[in-house]
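Q: Got a structure for you, questions after.
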Amino acid sequence: MEIWLNRTSIDGFILLGIFSHSQTDFVLFSVVMAVFTVALCGNVLLLFLIYIDPRLHTPMYFFLSQLSLMDLMLVCANVPKMAVNFLSGRKSISFVGCGIQIGFFVSLVGSEGLLLGLMAYDRYVAISHPLHYPILMSQKVCLRFAGSSWAFGILDGIIQMVAAMSLPYCGSRIVDHFFCEVPALLKLACTDTSLFDTLLFACCVFMLLLPFSIIVASYAHILRAVLHMCSAQARKKALATCSSHLTTVSLFYGAAMFIYLRPRRYRAPSHDKAVSVFYTVLTPMLNPLIYSLRNQEVMGALRKGLDHCRIGSQH
């Protein structure tokens, strides 16, 4: 850390950003900030509802609260700095600030990927083994699952942050992105980064493909269990509980795999920036909406909260 602090006096990076100051880009910037605000409010509201409503104190909603917390932190990790740079006209970021962005971003993306895999396992146990669900998904098990998601994500973030910030940057300091993302930063290193590229790819494979394989296996068993259900209403209910999670998985993994598991020669900065906006801003906004609008228990908790507010305002 002392080496990093010494470097900040002379070092820093320039973030090109994703918007220029044209009229069209001002409109797009306004849209992104509106989405950011909805994501912020939506995730805070969902966390609040899960906390105050006893009916939502179940393993599924506990994992959903962790997902909302991760989304809340993820949307705050990069967007405020992007907005400040755009509005002020300054595009600089300090060396330490860049390292902190990398650490937070990688940790949160990694944690969310693992959590989505464990949420799929939770749905598998609930549908395929309902009688054993209270034992298999006890409070202790849920805490361990959530803790492991956070721990592996943070470990991945620390590894990538330390490795990226240890590289020498002696040439251009212009990062063709709106935040310090490791692949964009590696292009500026004035040394051979092939070893780091291999490390980065290995981390991405572990943090993305491992939970994704858990999701595929879980939903394969869920589908088999649903097909053997005699009641059409039971099948519909089982599929309804999984649809929100499947939508979230599709949005998150589709964007993350597009960026991190493509060969380097096929990467284009414009594509990476557009997709990064998708899963750092748009996905955190959509997650609480998807789970709220498709979930009667969450909507019931929301209506109950609004009724309490109305009664309180009348008195």
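The values are calculated or read from the model by the stated rules, or taken from the named source; none is laboratory data. Keep in mind that this is a model prediction, so the values were computed, not measured. Cβ placement follows ideal geometry from the backbone for every residue including glycine, while neighbour counts extend to all protein chains displayed. What goes into the accessible areas is simple: the full protein's heavy atoms, side chains included, and nothing from ligands, DNA or RNA. Shrake-Rupley method; radii C 1.70, N 1.55, O 1.52, S 1.80 Å.
Q: So is Ala220 modelled with pLDDT of 80 or more, open to solvent by less than 40 Å² (accessible area, probe 1.4 Å), among the small types (Gly, Ala, Ser) and out of contact with any Lys or Arg (no Cβ under 7 Å at 6 or more places or on another chain) or not? Walk me through it before giving the result.
A: Details: modelled with pLDDT of 80 or more: yes; open to solvent by less than 40 Å² (accessible area, probe 1.4 Å): no; among the small types (Gly, Ala, Ser): yes; out of contact with any Lys or Arg (no Cβ under 7 Å at 6 or more places or on another chain): yes.
When the stated conditions are applied, Ala220 does not pass them.
Q: Another one. Would you please list the contacts, defined by Cβ atoms under 8 Å and residues six or more apart or on different chains, that run from a residue in the stretch 202-221 that is over 19 Å from Ser148 (Cα atoms) and part of a helix (DSSP H, G or I) to a residue that is open to solvent by less than 60 Å² (accessible area, probe 1.4 Å) and among the hydrophobic types (A, V, I, L, M, F, W, C)?
A: Qualifying pairs under 8 Å: Tyr219/Ala120; Tyr219/Cys242.
Q: Between Ala255, Ala189, which is in contact with a Phe, Trp or Tyr (Cβ under 9 Å, 6 or more places away or on another chain), open to solvent by less than 40 Å² (accessible area, probe 1.4 Å) and touching a residue at least 24 places away in the same chain (Cβ under 8 Å)?
A: Numbers: Ala189 fails: touching a residue at least 24 places away in the same chain (Cβ under 8 Å).
None of the others qualify; the one that does is Ala255.
Q: For the structure I just gave you, tell me whether Tyr51 is assigned to a helix (DSSP H, G or I), aromatic (Phe, Trp, Tyr), open to solvent by 30 Å² or more (accessible area, probe 1.4 Å) and touching a His at 6+ places or on another chain (Cβ under 8 Å). Spell out how you get there, then give the answer.
A: Details: assigned to a helix (DSSP H, G or I): yes; aromatic (Phe, Trp, Tyr): yes; open to solvent by 30 Å² or more (accessible area, probe 1.4 Å): yes; touching a His at 6+ places or on another chain (Cβ under 8 Å): no.
Criteria not met by Tyr51.
Q: I would also like to ask the following. With the checklist (1) under 29 Å from Ala274 (Cβ atoms); (2) open to solvent by 60 Å² or more (accessible area, probe 1.4 Å) in hand, flag the one item Asp156 doesn't pass.
A: Unmet for Asp156, out of (1) under 29 Å from Ala274 (Cβ atoms); (2) open to solvent by 60 Å² or more (accessible area, probe 1.4 Å): (2).
Q: Same structure, new question: Restricting attention to the stretch 243-254, which residues are of a type in the set (A, V, I, L, M) and touching a Ser or Thr at 6+ places or on another chain (Cβ under 7 Å)?
A: Going through the stretch 243-254, the residues of a type in the set (A, V, I, L, M) turn out to be 246, 249, 251.
If the condition is that a residue be of a type in the set (A, V, I, L, M) and touching a Ser or Thr at 6+ places or on another chain (Cβ under 7 Å), then Leu251 is the only one that fits.
Q: Search the stretch 63-99 for residues being part of a helix (DSSP H, G or I) and in contact with a strand residue (DSSP E or B) (Cβ under 9 Å, 6 or more places away or on another chain), and hand back the single one that is surrounded by the fewest Cβ atoms within 10 Å (Cβ to Cβ). Working first, answer last.
A: At the first step, the residues of the stretch 63-99 found to be part of a helix (DSSP H, G or I) are 63-88, 95-99.
From the residues that got through so far, the ones that are in contact with a strand residue (DSSP E or B) (Cβ under 9 Å, 6 or more places away or on another chain) too are 81-82, 85, 95, 97-98.
Details: Lys81: 18, Met82: 24, Asn85: 20, Phe95: 22, Gly97: 15, Cys98: 26.
So, considering only residues that are part of a helix (DSSP H, G or I) and in contact with a strand residue (DSSP E or B) (Cβ under 9 Å, 6 or more places away or on another chain), the one surrounded by the fewest Cβ atoms within 10 Å (Cβ to Cβ) is Gly97.
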